[in-house]
Amino acid sequence: MRKVAGSVVLAASAVLCFGAGVAQAGSAPDVVGQKYSDAQTAISGAGLTAVVSTTVGDQEAWPDCMVTNTVARTVPAPENSSGSATNQLLVSLNCEASEASATKPGFSAASPQGRAAAAAAASSSAAAAASASAAPSS
């Protein structure tokens, strides 16, 4: 019995020693709700690598897609290499056009993203109308 217990302690010690070298993903920035282009800047600024894990829709290019979820992970270096672990932030993207309508997919007007898209569209059209009325007539 004593020999078995010693083997278990030795194995546990080996796991603790070798497992201690694997780095864990650092503090990930909260980029949910941001455009992917803006999120990439924040993610790389935090020392992480952005990796797109899932996408929904095909109406927008990736830089214009909305980040809907993130998951931090650490990818260990390949065995028998002198490489180091890579800290990544997996992102899920919604690439539907901003606010849904009867003819195009997008965010529901009742969702926070849909309300933000509607407000942005309203302020954009108000700014365009204001600049059009301020233009001198010929």
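Of the residues making up the stretch 47-63, those that are open to solvent by 70 Å² or more (accessible area, probe 1.4 Å) and over 13 Å from the mean Cα position of the chain (by Cα) are Val56, Asp58, Gln59. Residue under question is Thr41, and the condition is that it be open to solvent by less than 70 Å² (accessible area, probe 1.4 Å), among the polar types (S, T, N, Q), modelled with pLDDT of 50 or more and not in a loop (DSSP other than H, G, I, E, B); does it hold? When the stated conditions are applied, Thr41 does not pass them.
Which members of the stretch 76-115 meet the condition of being open to solvent by 60 Å² or more (accessible area, probe 1.4 Å) and among the charged types (D, E, K, R)? Those that are open to solvent by 60 Å² or more (accessible area, probe 1.4 Å) and among the charged types (D, E, K, R): Glu79, Lys104, Arg115. Per the conditions (1) on the phi > 0 side of the Ramachandran plot; (2) in contact with a Gly (Cβ under 7 Å, 6 or more places away or on another chain), the sole criterion not satisfied by Glu99 is (1).
The values are calculated or read from the model by the stated rules, or taken from the named source; none is laboratory data. Computed from a predicted model, the values in this text were never measured in an experiment. Cβ coordinates were reconstructed from backbone atoms using ideal geometry, including for glycine residues, and neighbour counts include every protein chain displayed. To get the accessible areas, we keep the full protein, side chains included, count just its heavy atoms, and leave off ligands, DNA and RNA. Shrake-Rupley method; radii C 1.70, N 1.55, O 1.52, S 1.80 Å.
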